[in-house]
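Asks: Please read through the structure below; I'll follow up with questions.
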């Protein structure tokens, strides 16, 4: 909700300072619906032209990301590390083939049941299972696994950032679209040049509203929205990057608890559990297993 609060505060400052300095809001508000139709309508058309139907369907989800912020909290990171700890511990104690029942049927796995959030997150669950299958097929080169997973994670992040990049392009175009609306207003004014100065003044001020709205929407709304979406996606991508970190540490021969601790170090500071919080969670997961 910080995005909404910041947006409201910004608009209050812009319009409030205009009114406080003696500006009259009437002509501004009267022209705004028509100027917004020109600017936002053309921006929407450009957005539709430059994107596929699948990308358009992702737009509401991206708006939710901007409003709600990162979807993974401390509990989610702890749950992920607990599952990775238990799986790597099983592979170390009983061999990689012991992972088969868990990666083939994760919905019924007792280990995945330790964190329903991970179990029900299809993308994260599949990422874990896919690469543990490779481990069970005797992939023992930690550097090779690191490279393959890094490329997939980078590809996934780039796909998720598509809407943010499109919104950035729209933000760059909005000032020009505002000028288009302003030019149309000037054309309308010039067609009425014989009218009294008071009427012409209102028509010119209405035309300038287009330029004002184009700049305001660009730098005050759409660009911050694109930046916020990007920041949330980048932070959430660190959740799945922990899978790579822990599995690579495991293949390098580290004990499961050390691998989990290495993964903990990559958690964003605001969601990072302490060493003792993670240690307690790992100990409790072993107690449940026993």
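Asks: Given 0.36 nm per residue, what is the gain on full extension from residue 122 to residue 199 after removing their alpha carbon distance, in nm?
Replies: In short, 21.5 nm is gained.
Asks: Can you give the angle from 0 to 90° between the axis of helix 2-20 and the longest principal axis of the chain, with both taken from C-alpha atoms, to the nearest 10?
Replies: Rounded to the nearest ten degrees, it is 20.
Asks: Could you check the simple spin-label distance between residue 68 and residue 49, using points 7 Å along Cα→Cβ, in nm with one decimal?
Replies: According to this spin-label approximation, the distance is 3.4 nm.
Asks: Ok, one more. Looking at the stretch 206-275 from every direction and averaging, what is the projected area of its Cα convex hull in nm²?
Replies: 5.9 nm²
Asks: Follow-up question, since we're still on this one. For the chain, what does -39500 (n - 2.57) per DSSP helix run (n ≥ 4), summed and divided by total residues, give at 222 nm, in deg cm²/dmol to the nearest 500?
Replies: Result for the chain, helices only: -26000 deg cm²/dmol.
Asks: On a 0 to 90° scale, report how tilted helix 162-190 is relative to the longest principal axis of the chain, with both axes built from alpha carbons and the result rounded to the nearest 10.
Replies: That works out to roughly 0 degrees.
Asks: Once you have the Cα-Cα distance between residue 130 and residue 19, take 0.36 nm times their residue separation minus that, and quote the gain in nm to one decimal.
Replies: Length gained, residue 130 through residue 19: 34.0 nm.
Asks: In degrees, nearest 10, range 0 to 90: what is the angle between the Cα axis of helix 74-94 and the longest Cα principal axis of the chain?
Replies: Around 30 degrees separate the two axes.
Asks: Also: Using 0.36 nm times the number of residues separating residue 283 and residue 190, minus their current alpha carbon distance, what extension gain do you get?
Replies: Between residue 283 and residue 190, full extension yields 25.6 nm more.
Asks: Give me the one-decimal nm value for the distance between modelled label points at residue 59 and residue 2, 7 Å along each residue's Cα-to-Cβ direction.
Replies: Spacing of the two 7 Å Cα→Cβ label points: 2.7 nm.
Asks: Here is a follow-up. Between residue 183 and residue 143, how many nm apart are label points set 7 Å from Cα along the C-beta direction?
Replies: Going from the residue 183 label point to the residue 143 one covers 5.7 nm.
Asks: Related question: Which residue, 33, 106, 224, tops the fluctuation ranking in a GNM of the chain built on C-alpha contacts under 10 Å?
Replies: Result: 33 has the largest fluctuation of those listed.
Asks: So for the stretch 1-73, considering every pair of alpha-carbon atoms, how many percent are separated by more than 21 Å?
Replies: Pairs farther apart than 21 Å: 54 percent.
Asks: Still on this structure, I have one more. On the first, second and third principal axes, largest extent first, how far apart are the outermost C-alpha atoms of the chain in Å?
Replies: 92, 37, 30
Asks: May I pose another question? Run a plain Debye calculation on the stretch 76-127 (Cα atoms as equal point scatterers, no solvent) and give log10 I(q)/I(0) at q = 0.13, 0.21, 0.27, 0.32 Å⁻¹, rounded to two decimals, same order as the q list.
Replies: One equal scatterer on each Cα of the stretch 76-127 leads to -0.26, -0.69, -1.09, -1.35.
Asks: What FRET efficiency do you get for residue 155 and residue 108 if R0 is 25 Å and r is their Cβ-Cβ distance, rounded to the nearest 0.05?
Replies: It comes to 0.25.
Bear in mind these aren't lab numbers, they're just calculated from the coordinates by the rules spelled out. Remember, predicted model here, so these are calculated numbers, not experimental data. Don't worry about glycine lacking a Cβ; one is built from the backbone with ideal geometry, like all the others, and counts go over all protein chains shown.
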